[in-house]
1. On average, how much area does the Cα convex hull of the chain cover when viewed from any direction, in nm²?
2. Could you state the number of Å between the C-alpha centres of segment 150-172 and segment 64-129?
3. So if we plug the beta-carbon distance of GLU114 and ASP30 into 1/(1 + (r/R0)^6) with R0 = 22 Å, what FRET efficiency do we get, rounded to 0.05?
4. Past the 20 angstrom mark, what percentage of all C-alpha to C-alpha distances in segment 83-146 do you count?
5. Could you derive backbone 3J(HN,Hα) for segment 94-102 from the dihedral phi with the Karplus parameters 6.51, -1.76 and 1.60 (θ = phi - 60°), listing whole Hz in sequence and x where the residue is Gly or Pro?
6. Quick one: net charge around ARG152, please, counting Lys, Arg +1 and Asp, Glu -1 for every other residue with C-beta under 14 Å from its C-beta.
7. Exposure proxy check: PHE77, PHE174 ranked by fewest other beta carbons within 10 Å?
8. I want to check the label-to-label distance for CYS49 and ALA141. Put each point 7 Å from Cα in the C-beta direction and report it in nm to one decimal.
Amino acid sequence: MTDARQTLVLGGGCFWCTESVYVQVRGVIDVESGYCNGELPNPTYEMVCTGHSGHCEVVKLVYDPAQVSTRELLEIFFVIHDPTTLNRQGNDTGTQYRSGIYFTTPEQEQVAREVISELTQSGNYRSPVVTEVVVLANYAAAEDYHQDFFARNPNQGYCMAVAAPKVAKFRKTFARLQKD
C-alpha cells in the first residue's frame, strides 16, 4: 500500500492564525508553521519580519487526499483570509504576509488556478485576487515557539483578536470538515 499523503504550503498572513484553523481539519495529518520562497536558507523569524528576506510566513500541511481534497483545503483558505490585499492581512503588512499557494504537485497548481478563476468570476470580491501560485521553494520550519502557538496561547491578545475569529468562521462555514 502506497502512502497517499500530500504536502501543500499556504501563506495567508500570520502563520499562527492559519495554523489554528488547519489543525482542526479532518484529513490534515500535520501542520507546521514556517517560511518559504525567500532568498536565504534557514531564515530566522527576525530576518523574515524585516520583509527583506523574500520569505512568506506559511503553514505546511501534510494531508490525506482521501479524507480532504486540495480543493477543500483551498476553499477554507479563501474563507479565512483576504486574498485581495497585496502583502497585507489586517494590520500585518509586508511581503512576508502575502497571500500564496505553494504547490508540490502539478495537480495542486491546476486546482489552485481553477479555484482562483472561479473566485474571480464569482464577483464576490470588490478587488482582484492577488494570491500568488508558485512551486514551493526554500522552505524552513519556524522556531519551536511558533508551533501550535494558538493552542498554547489562546488568551494572548493577538490570538483572541485575530486567530479566534478565523477559527470560529471555519467552524461555522466548514463544520463538515472538522475533525471529530
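Just so you know, all these numbers are worked out from the coordinates, no wet-lab data involved. Worth saying up front: this structure is predicted, and the values here are computed from it rather than measured. Cβ placement follows ideal geometry from the backbone for every residue including glycine, while neighbour counts extend to all protein chains displayed.
1. Numbers: hull surface 42.1 nm².
If I average the Cα hull's projected area over directions, I get 10.5 nm².
2. 20 Å
3. On the way: r = 25 Å, r/R0 = 1.16.
E between GLU114 and ASP30, to the nearest 0.05, is 0.30.
4. Values: 806 of 2016 pairs.
Pairs farther apart than 20 Å: 40 percent.
5. Going residue by residue, I get x, 4, 5, 10, 5, 7, x, 10, 10 Hz, with x marking Gly and Pro.
6. Numbers: positive: none; negative: GLU19, GLU143, ASP144, ASP148.
Here the charged neighbours net out to -4.
7. Numbers: PHE77 25, PHE174 19.
Fewest-to-most Cβ neighbours within 10 Å comes out as PHE174, PHE77.
8. 2.1 nm
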